[in-house]
Amino acid sequence: MASAIRSSVCPHDCPSTCALEVEVIDGTRIGAVRGAAANSYTDGVVCAKVARYAERIHHAGRVTRPLLRTGPKGSSQFREIGWDEALDRVAGAFTEAAARHGAEAVWPYYFAGTMGLVQRDGINRLRHVMRYSRQHTSICSMVCEAGWMAGAGRFTGPDPREMAQSDLIVMWGGNPVNTQVNVMTHIAKARKARGAKLIVVDPYRTGTAQAADMHLALRPGTDGALACAVMHVAFRDGHADRAYMAQYADAPDALEAHLASRGPAWASAITGLDVDQIEAFARQYCTTERAYIRAGYGFSRMRNGAANLHAVTCLPTVTGKWKHPGAGAFWNNRGIYHWNKTLIEGLDARDMSVRVMDMSRIGAVLTGDRRELGDGPQVHALLIQNVNPVTVAPNSNTVRRGFLRQDLFTCVHEQFMTETALMADIVLPATMFMEHDDLYQAGGHSHIQIGPKLIEPPGECRSNHEVLQGLAQRLGAQHAGFDMTAMEVIDATLRASGWPDAQTVLAQRWVDAQPSFADSHFLNGFGHPDGKFHLAADWSRIGPNHQGMPSLPDHFAIIDESTPDRPFRLVAAPARQFLNTSFTETATSRQREGRPTALLHPQDAARLGVVDGAKLYLGNAQGEVIVHAKLFDGLQPGVVVVESVWPHAAFEGGIGINALTSDDPAPPLGGAVFHDTAVWVRAMAAELPIAAE
């Protein structure tokens, strides 16, 4: 049995975009998967999910041939058909929908099941050439984008590898032990070499918080208040860097006056944290020169998430920490790559007058909500790649109703029979990342990489690019990108974007695109026209739904607050062994996660008469779900956490956690608010045995 080690790239929806070393056995199967030791960010570390990728890629449950539904939607009744028939049927349905209702009645829908630029984003080329409805790609990071841009004005930040040079790392609203394990590698370096401290701000004691020197378990949605109190202490105690702000910030005097009434006692009443905790955190942050804030995604997934993230990014501006190595704040490096994606996305065919609809509100779209449809037609045909909206989209009961429409044609291109695939008329078998070529950028670091095809796919699986080529041919969609192989598109895109060609990138394995220290730390100016960090955010420049948003940092009180009839705040956090619904199909991940579980404070459990392991109902006006209780004192009373995303079928009653989450768009630019949900929690009556007669 011959084996070889080949280079690859993790494609999953994670900022780490790990450089991989993959054991390929006899040219047909993979064995061990490791992080590339030579990559300065991955540094030889990879999460357990990806380390056991052989379990996923060689899974017996993969879809390997095109399928035609023969029974009711959701019934699992399908029969195999050939590729020509499948593509003919899809193209025919799209042509019919466009002829009867207009081209906007077709909606290609996608997201980040793969983060590769060619295989993920190529669907937009078909969309633009055919003038199908556009997609507001909001579900993951749109709220973060708004909050970061409001202050910094440009998507970059201090090199994440600089965390190893820090004396204090503040992990704010993220849990890298579950979601970005490489962050912990660089934190560990700083702790070992410099005695650095780790502070975690998160509503519950995550794996990351458990490893921290200090954990601030605040109420969900109150991060802005905590940030204001820290800045209040900076001004009060002489830690504000007035000279820095005079050069680099827009409104320091107005901010100081505004924060005079927003001290630790004020924040304590909002966050539920003790005044002493807030003071201790503020003192440690303000007095540590090399303090690095790593902003996560979790705390942005609130109605006030953009305002909260802006408030947090004001901290290194008030204290002048941006100018120091191993200091400042970082969210995402997506702005450093200057891609020309014309070939990938067909941007030369894009018409901005074509309707755009919010992917986070797919339930509203499919059930005819005119706030999304506008004056255009109802959606009558869907092409879905890289996403499982029946499970992962908010307000999932409404999503399910939309997919059950008998006048809706749905084609799903998938690796497994997800709950979305079960709703499809046609299911097409999809490749995994080691079975096709793709191009990757990192969000959590700075490397450009190519993941080449390593093995042949099983059965008749085809890549996204190949499926789009087949549909384009049948639909008469003309664009150069449809006439090229994936590797040719990669090579041309690299060249057009000012990067080395594909052969060079493959030979050296990655290109480090990290800007200079001065640019990364904004010493040459922030991204706004005036070159300053905007302490006073102009939300009207960020998005249309900006009414009522606070210009200066504040607690923006628009969250789904608890009420007497819904007294709990629900956080639907990511599970360690899953990535959204990816890996929910593998036995090891499911075994390690156990079952859908609610973390409930012992005081709440006592009041409700709940014991560990008991069944609970969680609910609100949108629906209810059944979970098992786990008593847990690592959160505040009145907060409940359900780590997910488990498929609906894993819950008793067949209704998953996103039945409870809202599809309200977060201001000012939209975005999902998965962690901003008020619910009731009720003990489920014990089932008594029926006595024998």
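Values quoted throughout were computed directly from the atomic coordinates according to the rules given, and no laboratory measurement underlies them. Here the structure is a predicted model, which means the values were calculated and not measured. Quick reminder, even Gly has a Cβ in these numbers, built from the backbone with ideal geometry, and neighbours come from all protein chains shown.
Calculate the dipole size of region 568-683 relative to its Cα centre from +1 charges on Lys and Arg beta carbons and -1 charges on Asp and Glu beta carbons; express the result in debye to the nearest 20. Mind dumping the intermediate values first?
Values: 9 positive and 11 negative charges, 58 e Å.
Here the size comes out at about 280 debye.
Based only on Cα atoms, what Rg/Rh ratio does region 3-57 have, Rh being taken as Kirkwood's radius? The partial results should precede the final answer.
Values: Rg = 10.7 Å, Rh = 11.2 Å.
Over the Cα atoms of region 3-57, Rg/Rh equals 0.95.
Please compute the alpha carbon radius of gyration of region 89-186, then divide it by the globular-protein estimate 2.2 N^0.38 Å. Two decimals is fine. Don't jump to the answer; show the numbers that get you there.
Working: Rg = 19.9 Å, N = 98, 2.2 N^0.38 = 12.6 Å.
Dividing the Cα radius of gyration by 2.2 N^0.38 Å gives 1.59.
May I ask which residue of Thr206, Gly224, His186 lies farthest towards the positive end of the charge dipole of region 173-251, with charges of +1 (Lys, Arg) and -1 (Asp, Glu) on Cβ and the Cα centre as origin?
The one lying farthest along the dipole's positive direction is His186.
Arranged from highest to lowest average of other beta-carbon atoms within 10 Å per residue, in what order do the peptides 460-473, 339-352, 163-176 appear? Mind dumping the intermediate values first?
Working: 460-473: 21.9, 339-352: 17.4, 163-176: 25.1.
By packing density, highest mean first, the sequence is 163-176, 460-473, 339-352.
From the phi of every residue in region 406-422, what ³J(HN,Hα) in whole Hz does the Karplus formula 6.51 cos²θ - 1.76 cosθ + 1.60 yield, where θ is phi - 60° and glycine or proline is x?
Result, rounded to whole Hz: 6, 9, 9, 8, 10, 10, 10, 9, 9, 8, 9, 7, 5, 5, 6, 4, 5.
For Lys630, give me every one of the lysines with a C-alpha distance below 23 angstrom, ignoring sequence neighbours fewer than eight places off in its own chain.
Here the lysines satisfying the reach criterion relative to Lys630 are Lys615.
For Lys189, go through the lysines and keep the ones whose alpha-carbon is under 24 Å away, minus same-chain ones fewer than eight residues off.
Filter leaves Lys49, Lys197, Lys321, Lys323.
So, counting K/R as plus one and D/E as minus one, what does the shell of residues with Cβ under 13 Å around Val571 add up to?
Details: positive: Arg205, Arg219, Arg301, Arg569; negative: Asp202, Asp223, Asp560, Glu643, Asp676.
With Lys, Arg at +1 and Asp, Glu at -1, the neighbours total -1.
Convert each backbone phi in region 14-20 into a coupling constant with the Karplus relation 6.51 cos²θ - 1.76 cosθ + 1.60 (shift: θ = phi - 60°), then list the ³J(HN,Hα) values in order as whole Hz, x for Gly and Pro.
For region 14-20, the Karplus curve yields 8, x, 6, 6, 5, 6, 10 Hz.
If you scale each eigenvalue of the Cα gyration tensor by 5 and take the root, what three semi-axes come out for the chain, rounded to whole angstrom and sorted largest first? Each step should come with its number before you reach the end.
Details: eigenvalues 296, 194, 130 Å².
Semi-axes (√(5λ), whole Å): 38, 31, 25.
Might you report the magnitude of the Cβ-based charge dipole of region 3-57 about its Cα centre, with Lys and Arg at +1 and Asp and Glu at -1, to the nearest 20 debye? Mind showing how you got there, number by number?
On the way: 6 positive and 6 negative charges, 21 e Å.
Dipole magnitude for region 3-57 comes out near 100 debye.
If you consider only alpha-carbon coordinates, what radius of gyration and Dmax does region 568-683 have, in Å?
14.0, 42
Residue separation times 0.36 nm, minus the C-alpha to C-alpha distance between Thr485 and Arg592: what's the value? Intermediate results must be reported in sequence, preceding the final value.
Values: separation 107, 0.36 × 107 = 38.52 nm, distance 3.96 nm.
Gain on stretching Thr485 to Arg592: 34.6 nm.
If we sort 372-384, 266-278 on the protection proxy, mean other Cβ atoms within 10 Å, highest first, what's the order? Please list the in-between numbers first.
Numbers: 372-384: 20.5, 266-278: 19.0.
Highest to lowest by the protection proxy: 372-384, 266-278.
Can you give the local net charge around Val625? Use residues other than it whose beta-carbon is closer than 13 angstrom to its beta-carbon, Lys and Arg +1, Asp and Glu -1.
Values: positive: Arg595, Lys615, Arg682; negative: Glu624, Glu652.
It works out to a net charge of +1.
Compactness ratio of region 443-551: Cα Rg over 2.2 N^0.38 Å, N = residue count? Please report the intermediate quantities before stating the final value.
Values: Rg = 21.0 Å, N = 109, 2.2 N^0.38 = 13.1 Å.
It is 1.61.
Find how much the distance from Gln603 to Val356 grows on full extension, using 0.36 nm per residue of separation minus their present alpha carbon separation; answer in nm with one decimal.
Stretched fully, the Gln603-Val356 segment lengthens by 84.3 nm.
Assuming R0 = 41 Å, can you tell me the calculated FRET efficiency for the pair Ala650 and Arg242, based on Cβ-Cβ distance, to the nearest 0.05?
Numbers: r = 55 Å, r/R0 = 1.33.
Taking R0 as 41 Å, the efficiency between Ala650 and Arg242 is 0.15.
Considering the options Met487, Gln473, Leu506, tell which one lies farthest towards the positive end of the dipole of region 472-525, charges being +1 on Lys and Arg and -1 on Asp and Glu at the Cβ, about the Cα centre.
Checking the options against the dipole of region 472-525, the answer is Gln473.
If packing is taken as the average count of other Cβ atoms within 10 Å, what order do 223-234, 594-605 fall into, highest mean first? Could the numbers behind the result be given before it?
Working: 223-234: 27.2, 594-605: 19.0.
Per-residue Cβ counts within 10 Å, averaged per peptide and sorted highest first, yield 223-234, 594-605.
Apply the Karplus parameterisation 6.51 cos²θ - 1.76 cosθ + 1.60, with θ equal to phi minus 60°, to every residue of region 635-646 and state each ³J(HN,Hα) to the nearest whole Hz, in sequence, with x for glycine and proline.
8, 7, x, x, 10, 10, 10, 10, 7, 8, 10, 6
Tell me, what does the Kirkwood hydrodynamic radius of region 19-155 come to in angstroms if you use every pair of distinct C-alpha atoms?
On the way: mean 1/r = 0.0513 Å⁻¹.
Roughly 19.5 Å, rounded to one decimal.
Cut-off is 10 Å between beta-carbons; in what order do Asp501, Asp13, Asp26 appear when sorted fewest neighbours first?
Values: Asp501 13, Asp13 19, Asp26 10.
Ranking Asp501, Asp13, Asp26 by Cβ neighbours within 10 Å, fewest first, gives Asp26, Asp501, Asp13.
For region 197-342, give the magnitude of the charge dipole about the Cα centre (Cβ charges: +1 Lys/Arg, -1 Asp/Glu; no others), in debye to the nearest 20.
Numbers: 15 positive and 12 negative charges, 116 e Å.
The calculated dipole for region 197-342 is roughly 560 debye.
With point charges of +1 on the Cβ of Lys and Arg and -1 on the Cβ of Asp and Glu, referenced to the Cα centre of region 3-57, which listed residue (Val46, Thr28, Ile5) lies farthest in the positive direction of the dipole?
The one lying farthest along the dipole's positive direction is Thr28.
Hey, what D do you get for region 323-402 in µm²/s if you plug the Kirkwood alpha-carbon radius into Stokes-Einstein at 37 °C and 0.692 mPa s? Walk me through the numbers before you get to the answer.
Values: Rh = 16.1 Å.
Diffusion coefficient, whole number: 204 µm²/s.
What's the percent breakdown of Cα-Cα distances in region 220-319 across 10 Å bins, shortest bin first?
It works out to 16, 50, 32, 2, in whole percents.
Going through the DSSP H helices of the chain, which span 24 Å or more along their own axis at the Cα atoms while scoring at least -0.5 as a mean Kyte-Doolittle hydropathy?
Values: long enough: 83-101 (27 Å, -0.35).
Helices meeting the span and hydropathy rule in the chain are 83-101.
Do any cysteines in the chain lack another Cys Cβ under 4.7 Å, and if so which?
Taking the Cβ cut-off of 4.7 Å, the unpaired cysteines of the chain are Cys14, Cys47, Cys140, Cys144, Cys228, Cys286, Cys314, Cys411, Cys461.
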